[in-house]
Amino acid sequence: MADNLVSLQYAFIFDRRLAVADESAGDHEKLEQVLYFWPQQTSAFQQIMRVSLCCGLLDFSRSFSGKPSVDGVQMEEQYYTFYECEPEIWMVWVVRNPRKLEFGGRRGVVLSKTKNMRNIFTPQTLREQLHSAHAIYRLFHGSLRSSIAPGGDLSVCLLYTSDAADDLLCV
């Protein structure tokens, strides 16, 4: 029965300005853009794969609208929620096994056709939670950008501590 519950599978924050364009870069270099990743025991390969997927989705949506305009993506057994909390800094939650999603349509609310409609959440609810977490973080710590690059200079980025990211996601 626990497998049928909606649950947070991954939570991560990445800074697109810190991305490495060199495809021959090692895992350590590719992970520089990842400011936080939960669960922490996730392999470097999995982290890079998830962040790369998100970057690809954002780039794909940018090709149509001129800006990354994706709020969420429904996969087979996961729902990805995106929130650009600061310019080029993205917070992402990956929810496992969503059972019922509500989308606005021309005729009002349209429900997705998924199996076992027991668990209900809306994509907007997930985005609101990400927004609230970031707002509380800013209240106590200031911007994420100033935490990783004081004065805006990305060439002297500080090591982002997981304690600060824990503060952000565990509010």
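Can you work out which of the residues in the range 123-171 that are outside any helix (DSSP H, G or I) and modelled with pLDDT of 90 or more is nearest to A11 (Cα to Cα)?
Only one residue fits best here, namely S143.
Going through the range 44-90 one residue at a time, which ones are touching a strand residue (DSSP E or B) at 6+ places or on another chain (Cβ under 6 Å) and β-branched (V, I, T)?
V51, V70, V73, T81, I89, listed by residue number.
Among strands (runs of 3 or more DSSP E) lying entirely in the range 1-99, which contain 2 or more residues that are more than 14 Å from L126 (Cβ to Cβ), open to solvent by 70 Å² or more (accessible area, probe 1.4 Å) and at pLDDT 85 or above?
Filter on the range 1-99 gives an empty set.
Are there any pairs, at least 6 apart or on different chains, whose C-beta atoms fall under 8 Å, with the first in the range 32-46 and within 15 Å of V20 (Cα to Cα) and the second part of a strand (DSSP E or B) and of a type in the set (D, E, K, R), and if so, which?
Every condition considered, the pairs that remain are Q33/D15; L35/D15.
The values are calculated or read from the model by the stated rules, or taken from the named source; none is laboratory data. If you're wondering where the values come from, they're calculated on a predicted model, not measured in any experiment. Counting neighbours? That spans all protein chains shown, and the Cβs are built from the backbone with ideal geometry, glycine included. Each accessible area value is taken on the protein alone, full model and side chains, heavy atoms only, with ligands, DNA and RNA left out. Shrake-Rupley method; radii C 1.70, N 1.55, O 1.52, S 1.80 Å.
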